[in-house]
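Have a look at the structure below, then the notes.
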Amino acid sequence: MLELISHFWALVPVTIAQSLILSFVVLAIMIPFRILGFPDLTSEGAYPLGGAICAMALMAGLPAWSALLVAMAAGFLAGCATAFIHLRFRIHSLLAGILVMTMLYSVNLRLLGKSNQPVFNLRTIFSFLIDHGLSDIGAKIMVAGAIAVLAFLLLRLYFLTEKGTAMRAVGANPDMAEANGINVWTMTVGGVGLAGSFSALSGAIMVQSQGFADVNMGFGILINGLAALMIGEAVVGKQTVVRQLLAPFVGTLIYYQLISVCLVAGLPPGDLKLATGLFVLAMLAAPSLRGRGAPMARDTMRD
């Protein structure tokens, strides 16, 4: 037992760094889903897109921080494409996301020129701190944590503005929002594009963290992100904007600790997807099961 605890404790810094990086994907899932009422699958394509763009930008000699911005711009365009397809051609948001995600695979492959592109010897956003004596994991935690805090604060401020309130109004009731003079198209395209930029940011940071880009790096990221979001919402709630913004970060931290526990306990890595899927199913089914149980409990009390 002590050995298992020791192994788990040794993995904690690694899982914290990984969860901070991947929390932006969960944020990208939350924004369309909760803020806009727009179920979207673009993240699974925008995440490797950001990684591929970042890798090619680094190889072209672009500074590491600039490579992140270029990746975010590409992710923004991917999200905008999904929203445009949905609005212009009246295609369901999920199908529009699948179409964009599928097309992005070919785009990513064309960008990289091959399935895998190493960037081990290039300077990254972590290099400065590592040069000044900080460990590799410590640098990743500090940099990714700082970006996460900045993203949270900026989004919190944005949703307090008139435009941010208008975006939330579109998600709550698009017909009423349009009746009040809000441009539903602009808010929807902008919101889904914003989500795509965060997903691409996550992919770009991950590439700089692991030292390579891969066209398949987004495989399964959506179900992992959904699981983390469900955990976060169960812990901090989703009743306010602050809680909705906190849920992705808190949920991702907890989710990857749970994954670490499963690995330390001996669960084969190949079974993690099954475990994650079952967990998400349980989280989604729980409210329905509780709702069915309540009337039975009341009937029993009356009897």
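When you scan region 21-49, how many residues do you find that are crowded, with 24+ Cβ neighbours inside 10 Å and among the charged types (D, E, K, R)? Residues in region 21-49 being crowded, with 24+ Cβ neighbours inside 10 Å and among the charged types (D, E, K, R): 2 in total.
In the set (1) open to solvent by less than 60 Å² (accessible area, probe 1.4 Å); (2) within 19 Å of Leu41 (Cβ to Cβ), the condition left unmet by Lys273 is number (1).
Within region 205-261, the set of residues being among the β-branched types (Val, Ile, Thr) and open to solvent by 20 Å² or more (accessible area, probe 1.4 Å) comprises Ile223, Val235, Val236, Thr240, Val242, Val250, Ile254, Ile259, Val261.
One residue alone among Phe198, Phe152, Phe249 is modelled with pLDDT of 95 or more, in contact with a Phe, Trp or Tyr (Cβ under 6 Å, 6 or more places away or on another chain) and of a type outside the set (Lys, Arg), and that residue is Phe198.
Just one of the listed residues (Ile98, Ile130, Ile125) is crowded, with 19+ Cβ neighbours inside 10 Å and assigned by TED's automatic domain parsing to the domain that holds Ala67, namely Ile125. If only residues of region 174-195 that are polar (S, T, N, Q) and modelled with pLDDT of 95 or more are counted, the one that is least open to solvent (accessible area, probe 1.4 Å) is Thr188. For region 237-245, the criterion of being polar (S, T, N, Q) and under 25 Å from Ile5 (Cβ atoms) is met by none of the residues.
The values are calculated or read from the model by the stated rules, or taken from the named source; none is laboratory data. The structure displayed is predicted, hence computed values, not measured ones. Positions of Cβ are backbone-derived with ideal geometry, glycine not excepted, and every protein chain shown enters the neighbour counts. Ligands, DNA and RNA are stripped out before the accessible areas are found, and what is left, the full protein with its side chains, is counted by its heavy atoms. Shrake-Rupley method; radii C 1.70, N 1.55, O 1.52, S 1.80 Å.
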